[in-house]
Amino acid sequence: MTFSESIVEDAALAWLEGMGYQILHGPDIAIGEPAAERTDTNYRDVVLEGRLRQALGHLNPDLPAEAIEDAYRKLTRTDAPSLVERNRAVHRMLVDGVTVEYRRADGSIAGAQARVLDFDQPDNNDWLAVNQFTVAEGQHLRRPDVVLFVNGLPLAVIELKNPADENATIWSAYQQLQTYQAQIPSLFTTNAALIVSDGVQARIGSLGAGKEWFKPWRTIMGREDAAAKLAELQVMLEGVFEKRRFLDLVRHFIVFEDEGGGKLTKKMAGYHQFHAVNVAVEETLRAARRAMEHRAADTLGQYKSGHQPGGEPGDRRVGVVWHTQGSGKSLTMAFYAGRVILHPVMANPTIVVLTDRNDLDDQLFGTFARCHDLLRQSPVQAADRADLREKLKVASGGVVFTTIQKFMPPSAAPSSPTPLPKGEGGSTPSSQPSPSGRGGSEAEGEGDWRMPVLSDRRNIVVIADEAHRSQYDFIDGFARHMRDALPNASFIGFTGTPIEKTDANTCAVFGDYISVYDIQRAVVDGATVPIYYESRLAKLELKASERPKIDPEFEEATEGEEVERKEKLKSRWAQLEAVVGSDNRVKLIARDLVDHFESRLSTMDGKAMVVCMSRRICVELYREIAALRPQWHGDTDELGSMKV
């Protein structure tokens, strides 16, 4: 038997039919045919009008005909300058419903939201797959291989190629989709997903996505990889387009990042993000559930580290998501926040996003701010400790960004201190709390000043970035003060690096792993590039008497400090910094970096990133490299190819 593209197409349709999709042949529904569903003899209609009108009426039985007509008109006549903007407008209507108006019997005007999709009952929607669906626009006539319709709207396009043809690959299918988007853009106004496959490989991407953002989908149910014997296309179709999963993807896992200046980027979750978030939401509901009386919120002051098995209702430990750097961890956090915010059981929760450095706080805040559609609100950033306390005193809702250091008590004791009751570690108060914030007595650790309770609601979720770091420590670190302030909050940790086996604190605060996506898998999926190590040493040439004795505990002891305070601390670490950043050594490293980078550029395109021990060394190294290559320097952000 000769292998052909039609065999791949037939297999795809069979898999879709097995999931409950109705299968129709494009020419059979053209106008003039016995089973005609299209209304334009020139194939310019991309929405199946009859199915859409029927679905709108079925899903909105209480709305009058004029409101249904209004919803239909808004869905099919979206007006925006670009395709991605039109797609965003329709996506909002798919998720939130169409805002319609109609006249009541008494003559007054009423407003309502007309549902387009039934997210709660998938079978209450109309599911259809059409192959060889001809579309005309302008002077172009195109025929995509398979178009998936939900309630008459084309939500997915599948382009297939013959695996027996060495010139027909998934990337030629990808290029075909780019041609379609340029020549018949009306087909993509309502689009949610794009699939390319040659029968062997399969990739999924979103409208406007570059080739590098078309990724595999390696699981069906999400708990484990699909069996190796299954074709990638089968895994893709069954993993993504099973009715409930596809509705979930449309509702919670598509985001339009608005970067300002008219730049809009559509992004879709990968399989690791999709399933990690769904598992995390399940665990959040479990962790935030009101527990039995004896497992209610911790009695103030009873914080413990060590082995604390998670997974119990009401334990407030959601778990840890380990997704390697470069795999979209920040976006996964945004998807998770959006999913939790919409869940009815969480009853309009407050999300606290926690980082341990100001620069990370700004970066992550930027990601969330660009995804405000997903969050249904704009996030806010706590300016200081007082501002944080005000922002957390809300009755419900809100997405608040803060560094964990803002949970540190004031450096001076309150005017009317309230010591712990006897029997709970209390002692005679002193006028100053301890430097670590642990105790309030003259003897370190004998007393215990506490942050005031800002909210005792159970529907507060704390998302901690890089949760493995020591400042999230349950006893000595800022996490103690945060627990005092939010005694019933649930905690979930995200990290780009694995937790060390000896790290008991992270599991004590956050729970165990609930999703792992390591560097090896990310490389295989093309989410990040492989890492290779080449040793290049610039030795410290010092006399023995000149070598500083470095305090090995300095970095650990100051890791949780704000930058401003940390830079004021005096330590022998400063001596090492001076030696590492000496003029001769910086000149040597600058020359080596330039030579190595230019030799690499002679064989491949790429970029370089240099990490230094301190800001001062960064500046000095920049100056030395700029002296060697003045053309790399620029006086503004827009000029030059080197930045610090």
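The values are calculated or read from the model by the stated rules, or taken from the named source; none is laboratory data. Since the structure is predicted, the reported quantities are computational estimates derived from the model, not experimental observations. Backbone-built Cβ (ideal geometry, glycine too); neighbour counts: all protein chains shown. Just so you know, the surface numbers come from the protein's heavy atoms only, side chains and all, with ligands and any DNA or RNA stripped out. Shrake-Rupley method; radii C 1.70, N 1.55, O 1.52, S 1.80 Å.
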Can you find, within region 96-130, the residue that is farthest from residue 252 (Cα to Cα) among those that are of a type in the set (S, T, N, Q) and open to solvent by 30 Å² or more (accessible area, probe 1.4 Å)? 108
Pairs returned, first residue in region 103-132 that is touching a residue at least 40 places away in the same chain (Cβ under 8 Å) and among the charged types (D, E, K, R), second residue that is part of a loop (DSSP other than H, G, I, E, B) and open to solvent by less than 50 Å² (accessible area, probe 1.4 Å), beta-carbon separation under 8 angstrom, 6 or more apart or interchain, are 115/60; 115/97; 118/125; 123/20; 126/151; 126/152
For region 358-390, name all the residues that are open to solvent by 70 Å² or more (accessible area, probe 1.4 Å), closer than 11 Å to residue 406 by Cα and among the basic types (Lys, Arg). 385
Can you pull out every residue in region 58-95 that is surrounded by fewer than 20 Cβ atoms within 10 Å (Cβ to Cβ), in contact with a strand residue (DSSP E or B) (Cβ under 7 Å, 6 or more places away or on another chain) and assigned to a loop (DSSP other than H, G, I, E, B)? 64
Can you tell me which of (1) within 11 Å of the chain's Cα centre (by Cα); (2) of a type outside the set (Gly, Ala, Ser); (3) closer than 17 Å to residue 518 by Cα is the one residue 322 doesn't meet? (1)
Checked region 336-386 for anything part of a helix (DSSP H, G or I), at pLDDT 90 or above and within 19 Å of residue 489 (Cα to Cα); matches are 336, 337, 338, 339, 340, 341, 342, 344, 345, 346
May I ask you to verify whether residue 17 is within 21 Å of residue 147 (Cα to Cα) and among the acidic types (Asp, Glu)? yes
Step by step: first the residues of region 260-282, then only those that are closer than 20 Å to residue 209 by Cβ and β-branched (Val, Ile, Thr), then the one that is least open to solvent (accessible area, probe 1.4 Å). Which residue is that? 277
I need the full set of residues from region 41-56 which are over 16 Å from residue 145 (Cα atoms), surrounded by 13 or more Cβ atoms within 10 Å (Cβ to Cβ) and of a type in the set (Val, Ile, Thr), in order please. 47
Being within 35 Å of the chain's Cα centre (by Cα) and either under 20 Å from residue 535 (Cβ atoms) or open to solvent by 70 Å² or more (accessible area, probe 1.4 Å) (or both): is that true of residue 605 here? yes
When region 158-180 is examined, which residues are found to be open to solvent by less than 40 Å² (accessible area, probe 1.4 Å) and either farther than 20 Å from residue 42 by Cβ or basic (Lys, Arg) (or both)? 158, 159, 160, 161, 162, 168, 170, 172, 173, 174, 177
Find the strands (runs of 3 or more DSSP E) located wholly in region 198-293 whose residues include 1 or more that are among the hydroxyl-bearing types (Ser, Thr, Tyr) and farther than 26 Å from residue 319 by Cβ, and list them. 264-268
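Matching residues to (1) within 30 Å of residue 165 (Cα to Cα); (2) aromatic (Phe, Trp, Tyr); (3) open to solvent by 20 Å² or more (accessible area, probe 1.4 Å):
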| site | (1), (2), (3) |
| --- | --- |
| 6 | yes, no, yes |
| 14 | yes, no, yes |
| 30 | no, no, no |
| 39 | no, no, yes |
